[in-house]
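Trainee: Please find one structure pasted underneath; my questions will follow.
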Amino acid sequence: MKRISHWIDGKLVEGTSGRSGVIWQPATGVQQASVDFASVEEVGHAIAVAKAAFPAWRATNLSRRAEVMFRMRELVDANRKEIAALLSAEHGKVLGDALGEVARGLENIEYACGIPNLMKGGFSEQASGGVDVYSIRQPLGVVAGITPFNFPAMVPMWMFANALACGNTFVLKPSEKDPSASMFIAELLKAAGLPDGCFNVVNGDKVAVDTILNHPDIQAISFVGSTPIAKYIYETGTRNGKRVQALGGAKNHMLVLPDADLDMAADAAVSAAYGSAGERCMAISVVLAMDSVADAFIAKVQDRIPGILVGPASEGGNEMGPLITGEHRDKVAGYIAGAEADGAMLVVDGRVGAPADGFFLMPSLIDHARPGMKCYDDEIFGPVLLVTRIKSYDEGLQLINDNQYGNGTAIFTRDGGVARQFQFDVQVGMVGINVPIPVPVSYYSFGGWKASLFGDQHMYGPDGINFFTRSKVVTSRWPDPRTSSVDLGFPQNR
């Protein structure tokens, strides 16, 4: 059986802790590999290697760092299908989803190729007599990424591309459920010319995470996952003096107004709710439909659900794959059962008709969901779409703003004035106007508000450069020796 270990100092390193985890094949429910779980000492070794590699990489000029990113961009592009195949095998997502993930991750490497421009500082000549002041950005040192199971290629690219381009060295702890993409990325970085030790992968569980959080040589931690873990990562890391950005969960609402194109809105809701089997933090979980159009909208969504082809990625044409594990599948099924028990209406029951093998659920559609129901209040992270009926725009806006999460939201309307007011008023970090999944392009930054983000920097883009660097301001004078004199007063600009 395939065994996945660690990548340290530019090579594969077998685990020695004696602990390991199971990697399932979600489409069949059969174990396909095991993954070594790193010990405290093994994680410490990876950090030590990264620390030793930092001075030389930090001193590497910007053009050379950009050259490595350009080569990495070409290698990822050339190996799209190989990466996508790893994603489909371990996560279960269908090939179209997997290729889309690689494409969106690649955008971040392309952004990092511009690092010579992104690292530019500022300069003020003659700020005082013979004095110039300028600012520069410098890397932090050894930084770490802790990434989730749902996007095992894209989310690491959100982190390491900017971190490495800025001159840091990197330790990645991917999800133990689907780590092969990260291991392959490590090989590609080496082939791109990244010096050994600059990028390391340690596989594991909470032992590895806690070692990263507590290790004095880790300067910053980037995390994506559930809100309870994000809160733990943020509180523990910052308590240890580290810079932390921790992206948490979501309950994304889509507001459908009476003037919306209902066919467009239904297509968008189906795509955003059931794509990647709902296992994404930008999935639309709740549609807030005005009473006057709710019945028509639900009918259009219901009509589209039978057309979604559910099955393993190995069968061409399937549009939705399984969930990541049997345990998670059962948890999502529990929310469907609980919704009906709480008084919601089960329009389409995804527990019915799923493939017998693997960790599958069919799409579910639930009407009359309300705050106070677990299906509404919790992040389900599965192919379940709720509909909440509202009487007015103001009621819908209030429901979104009252929700504990603030990751993404969308409004469907033909009224530009209402859309502009919505983006002004809504308390959410990413907003789509007739766009159901408003994930920013790589030259903006990704992140939510409220319980969806812990920390003050969003992911990738300009915020990513800021997160993985710190600014330094230099005040310099090159005086004429003939004018030099002792002055005990405070420096003056006038």
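Trainee: With region 2-46 as the region, which strands (runs of 3 or more DSSP E) entirely inside it contain at least 3 residues that are touching a helix residue (DSSP H, G or I) at 6+ places or on another chain (Cβ under 9 Å), closer than 22 Å to G197 by Cα and touching a residue at least 40 places away in the same chain (Cβ under 8 Å)?
Mentor: Ranges flagged: 6-8.
Trainee: Being buried (at least 18 other Cβ atoms within 10 Å of the Cβ), at pLDDT 95 or above and touching a His at 6+ places or on another chain (Cβ under 9 Å) is true for just one of A112, A98. Which residue is that?
Mentor: Answer to the selection: A98.
Trainee: What about A144, is it touching a helix residue (DSSP H, G or I) at 6+ places or on another chain (Cβ under 7 Å) and crowded, with 24+ Cβ neighbours inside 10 Å? Walk me through how you get there before you give the answer.
Mentor: Details: touching a helix residue (DSSP H, G or I) at 6+ places or on another chain (Cβ under 7 Å): yes; crowded, with 24+ Cβ neighbours inside 10 Å: yes.
So A144 passes the test.
Trainee: Here is a follow-up. Please work out if G334 is farther than 27 Å from G429 by Cα and at pLDDT 95 or above.
Mentor: Taking the combined requirement at face value, the residue satisfies it.
Trainee: From (1) over 23 Å from F446 (Cβ atoms); (2) out of contact with any strand residue (DSSP E or B) (no Cβ under 9 Å at 6 or more places or on another chain); (3) among the charged types (D, E, K, R), pick out the condition that doesn't hold for D378.
Mentor: (1)
Trainee: On to the next question. Report yes if L365 is crowded, with 23+ Cβ neighbours inside 10 Å, of a type in the set (A, V, I, L, M, F, W, C) and in contact with a strand residue (DSSP E or B) (Cβ under 9 Å, 6 or more places away or on another chain), otherwise no. Full working, then the answer.
Mentor: Values: crowded, with 23+ Cβ neighbours inside 10 Å: yes; of a type in the set (A, V, I, L, M, F, W, C): yes; in contact with a strand residue (DSSP E or B) (Cβ under 9 Å, 6 or more places away or on another chain): yes.
So L365 fits the description; yes.
Trainee: Taking K206 and the conditions (1) within 22 Å of D97 (Cβ to Cβ); (2) of a type in the set (K, R); (3) without any contact (Cβ under 8 Å) to a residue 24 or more places away in the chain, which numbered condition does it fall short on, given that it satisfies the others?
Mentor: Here K206 meets the rest and fails (1).
Trainee: Let me ask another. What tally of residues in region 30-69 results from selecting those that are out of contact with any Ser or Thr (no Cβ under 6 Å at 6 or more places or on another chain) and either of a type outside the set (A, V, I, L, M, F, W, C) or surrounded by fewer than 16 Cβ atoms within 10 Å (Cβ to Cβ) (or both)?
Mentor: Selection size over region 30-69: 19.
Trainee: Run down V441, V428 and say which single residue is of a type in the set (V, I, T), buried (at least 19 other Cβ atoms within 10 Å of the Cβ) and not assigned by TED's automatic domain parsing to the domain that holds P228.
Mentor: Within the list V441, V428, the selection yields V428.
The values are calculated or read from the model by the stated rules, or taken from the named source; none is laboratory data. All figures in this text were calculated on a predicted structure; none of them were measured in a lab. A quick note on method: Cβ atoms are made from the backbone with ideal geometry, for glycine too, and the neighbour counts reach across all protein chains shown.
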